1. Tell me the residue from 128, 132 that is crowded, with 16+ Cβ neighbours inside 10 Å and modelled with pLDDT under 80, please.
2. Residues in segment 145-165 that are out of contact with any strand residue (DSSP E or B) (no Cβ under 7 Å at 6 or more places or on another chain), at pLDDT 85 or above and on the phi > 0 side of the Ramachandran plot: how many?
C-alpha cells in the first residue's frame, strides 16, 4: 500500500468508524477501533445515545384473512397472522421502509402493512389512554401488484380491522 493509499484508508475509517460502536466496514484492523487514530466525530449510532426517544413506530405486516378453500383446509382466522418487522425511531423512517419495501418486508405474502406509534420505555397501554387517538394515527398500506413485483400503496384501514390497535406491540 502506498503512503497515499494508507492516508485514504485511514481517512475513511476516521470519518466513518467509532471506537465504541466499531468499524463500519467490519475491518478487524480498523485504526479507529484499535485506537491507532482518533475518530473525527460521532458515528451515526453515537447520535442516538444523546437523544431521548419518547415515541417509537412499529411496522407490522398482516397476511390476508383466510377464506374459501384455504379456510376450509387450514381453518378460518378471525384475525390475520401478523409479523412486526421493525421498530423505528421516527415515523419518516417507518414510512420509507414500507414504501420502498425495504429488505423485502412484503415477503411475497403480506397483504397489508400498518405503522403505529407507541411510547418508548412504557407498557403499550401507558401514556395514551385514548384508544381512538392511537387508531387515528395508524398508517395503512396495501400491497398492489403480483407476489413478486409491486409496492405498498397508502390506503384506508380495512373495515374488518376497525377499532384494533397494538398490532406491533399489543
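The values are calculated or read from the model by the stated rules, or taken from the named source; none is laboratory data. Bear in mind the structure is a predicted one, so any value in this text is a computation, not a measurement. Positions of Cβ are backbone-derived with ideal geometry, glycine not excepted, and every protein chain shown enters the neighbour counts.
1. 128
2. Here the count works out to 0.
Yes/no matrix, rows are residues, columns are (1) in contact with a helix residue (DSSP H, G or I) (Cβ under 9 Å, 6 or more places away or on another chain); (2) at pLDDT 85 or above; (3) buried (at least 18 other Cβ atoms within 10 Å of the Cβ); (4) outside the structural domain of residue 138 (by TED's automatic domain parsing):
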residue	(1), (2), (3), (4)
17	no, yes, yes, yes
29	no, yes, no, yes
35	no, yes, no, yes
39	yes, yes, yes, yes
42	yes, no, no, yes
65	yes, no, no, no
